[in-house]
Amino acid sequence: MALDADTFDQLLRTVRRFVKERLVPMEGDVARNDRIPDEIRREMRDLGLFGLSIPVEFGGLGLNMEEEVRVAFELGLTSPAFRSVIGTNNGIGSQGLVMDGTEAQKAAYLPRLATGEIISSFALTEPEAGSDASSIRTTARRDGDGYVLNGTKRFITNAPYAGLFTVFARTETEGKPKGSVTAFLVEAGLPGLSLGKIDKKMGQAGSHTCDVIFENCRVPASAVLGDKEGQGFKTAMKVLDRGRLHISAFCVGVAERLIADSLAYAMQRRQFGQPIAEFQLIQAMLADSRAESYAARCMVLETARAKDREENVSTEAACCKMFASEMVGRVADRAVQIHGGAGYMEEYGIERAYRDVRLFRIYEGTTQIQQILIARNMIREAAAAA
Ligand code: COS
């Protein structure tokens, strides 16, 4: 259910003010300390930001996809580490439950996810399975009235803080690889569940990932998402379709911030007796960045509206993810160039953004995976129409 226009406008204005007044001034500190202050987490809870996409009946704001991407545009105007705090509860960490959970599972977890009382993580990737999601090796062996999990999950965002994991594991060793993947709702703190040390990353300081290790970790049968074995691969694909659209919107926001910073710098930085913004070679970079980010914004909005009409947007979400994440990479590269030497120095924050945005072309499906998905769907549609 979508919000009424006034309430939604007020939400957007509140998020915009929070980003500008609270988050932007803290960007440098968060990067230096590799930590989001607790008071910011609290303020995010008070604003309801953990439950943007969680249905109203479970205590969230119940935004539709168009509303969600418009909030993501705003959140993109500051460091990605801030979005990461609320990213998994609104996205890959909760959406499997929203889409495929039983009523009892939703009632047990969604209200606490919506308030940010617990953090959720999406545990799909493994040391030997990333792009090839159906080749996961983590096993869930049926044992009496439960299952026993064994395996390692890798690079799991927010795992150090998670109270709930959506874990993808193989319930049969024989049979179709995709058909044997089952999603489990696993609570942190169970015996046999442990965490690796926090990964050191290229960028996005303040956002943390680590391994999640299962060694004979026993979960009850009620932990099977949707109470149905063998549905995990489809759940993961549906969650990723949605997640990719959210990430695309976020890329647009980050690009718009970089363009605003580049323009402001170009208008005040003087060389050869005039602001560098007067030079056509600088203008070309600004114009290319503006046109490309505008194109991505339009794609994202159009696809979000189609998703709200319940159309299948797998291909379009992949197009958005591919284009928007590559676009923000080019925009960040030009931002460094426009800033010149200052763009390479830590204090201006541009080199940090350049490193931060590199991840967007990799996670929730690399650019190459999006290309494969798009082309494969084109071929399938053409074959079906023939
Ligand atoms: N929505 C709903 N169902 C979907 C779906 C979607 N978006 N995509 C696939 N499915 C279903 C298919 O309908 C099919 O069902 P049936 O077996 O009933 O016909 C089943 O899932 C298998 O689909 P398919 O054969 O198309 O899957 P593939 O193994 O070929 O998928 C790719 C390959 C590469 C597309 C997939 O493994 C993928 O997206 N990998 C990237 C994973 C990723 O993003 N990793 C990053 C880490 S997670 S943050």
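For the reader, a short list of remarks on this structure follows.
- Region 307-337, residues that are aliphatic (A, V, I, L, M) and in a helix (DSSP H, G or I): 317, 318, 322, 324, 327, 328, 331, 332, 335, 336
- Hits in region 79-102 - residues which are open to solvent by 10 Å² or more (accessible area, probe 1.4 Å) and either of a type in the set (Val, Ile, Thr) or free of Cβ contacts under 8 Å to residues at least 12 places away in the same chain (or both): 92, 98, 102
Every residue, every condition in (1) part of a loop (DSSP other than H, G, I, E, B); (2) within 16 Å of the ligand (Cβ to nearest atom); (3) within 19 Å of the chain's Cα centre (by Cα), yes or no:
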{"position": "140", "(1), (2), (3)": "no, no, no"}
{"position": "149", "(1), (2), (3)": "no, no, no"}
{"position": "152", "(1), (2), (3)": "no, yes, no"}
{"position": "156", "(1), (2), (3)": "no, yes, yes"}
{"position": "191", "(1), (2), (3)": "yes, no, no"}
{"position": "199", "(1), (2), (3)": "yes, yes, yes"}
{"position": "202", "(1), (2), (3)": "yes, no, yes"}
{"position": "214", "(1), (2), (3)": "no, no, no"}
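- For residue 350, the criteria (1) within 18 Å of the chain's Cα centre (by Cα); (2) in contact (Cβ under 8 Å) with a residue 60 or more places away in the chain hold in every case but one, which is (1).
- When residue 256 is tested against the conditions (1) of a type in the set (Asp, Glu); (2) in contact with a strand residue (DSSP E or B) (Cβ under 7 Å, 6 or more places away or on another chain); (3) closer than 30 Å to residue 282 by Cα, the lone failure is (2).
- Region 169-189 - residue that is open to solvent by 50 Å² or more (accessible area, probe 1.4 Å) and closer than 13 Å to residue 136 by Cβ and, of those, nearest to the ligand (Cβ to nearest atom): 178
- Flag if residue 226 is surrounded by fewer than 21 Cβ atoms within 10 Å (Cβ to Cβ), more than 16 Å from the ligand (Cβ to nearest atom) and either more than 18 Å from the chain's Cα centre (by Cα) or among the aliphatic types (A, V, I, L, M) (or both): no
- Considered as a group, the residues in region 229-253 that are open to solvent by 10 Å² or more (accessible area, probe 1.4 Å) and farther than 16 Å from residue 364 by Cβ include one that is farthest from the ligand (Cβ to nearest atom), and that residue is 229.
- Qualifying position, being among the aliphatic types (A, V, I, L, M) and outside any loop (DSSP other than H, G, I, E, B), among 61, 77, 3, 23: 23
- Of the residues making up region 339-362, one or more are out of contact with any Pro (no Cβ under 8 Å at 6 or more places or on another chain), at pLDDT 95 or above, over 30 Å from residue 281 (Cβ atoms) and surrounded by fewer than 17 Cβ atoms within 10 Å (Cβ to Cβ).
- Within region 368-379, the set of residues being in contact (Cβ under 8 Å) with a residue 24 or more places away in the chain and within 11 Å of the ligand (Cβ to nearest atom) comprises 368, 369, 370, 371, 373, 374, 377.
- Top-ranked residue in region 127-138 [being free of Cβ contacts under 8 Å to residues at least 40 places away in the same chain and more than 10 Å from the ligand (Cβ to nearest atom); ranked as most open to solvent (accessible area, probe 1.4 Å)]: 137
- Test: residue in region 279-297 that is in contact (Cβ under 8 Å) with a residue 24 or more places away in the chain, touching a Pro at 6+ places or on another chain (Cβ under 8 Å) and open to solvent by less than 50 Å² (accessible area, probe 1.4 Å): no
- Flag for residue 169 being touching a Leu at 6+ places or on another chain (Cβ under 8 Å) and over 30 Å from residue 34 (Cα atoms): yes
- When residue 207 is tested against (1) part of a loop (DSSP other than H, G, I, E, B); (2) within 15 Å of the ligand (Cβ to nearest atom); (3) open to solvent by 20 Å² or more (accessible area, probe 1.4 Å), only condition (3) is not met.
The values are calculated or read from the model by the stated rules, or taken from the named source; none is laboratory data. Predicted, not measured: the structure shown is a model, and the values here were computed from it. FYI the Cβ positions are ideal-geometry reconstructions off the backbone, even for glycines, and counts take in every protein chain you see. When the accessible area is computed, the model is the full protein with side chains, heavy atoms only, and any ligands, DNA or RNA have been set aside. Shrake-Rupley method; radii C 1.70, N 1.55, O 1.52, S 1.80 Å.
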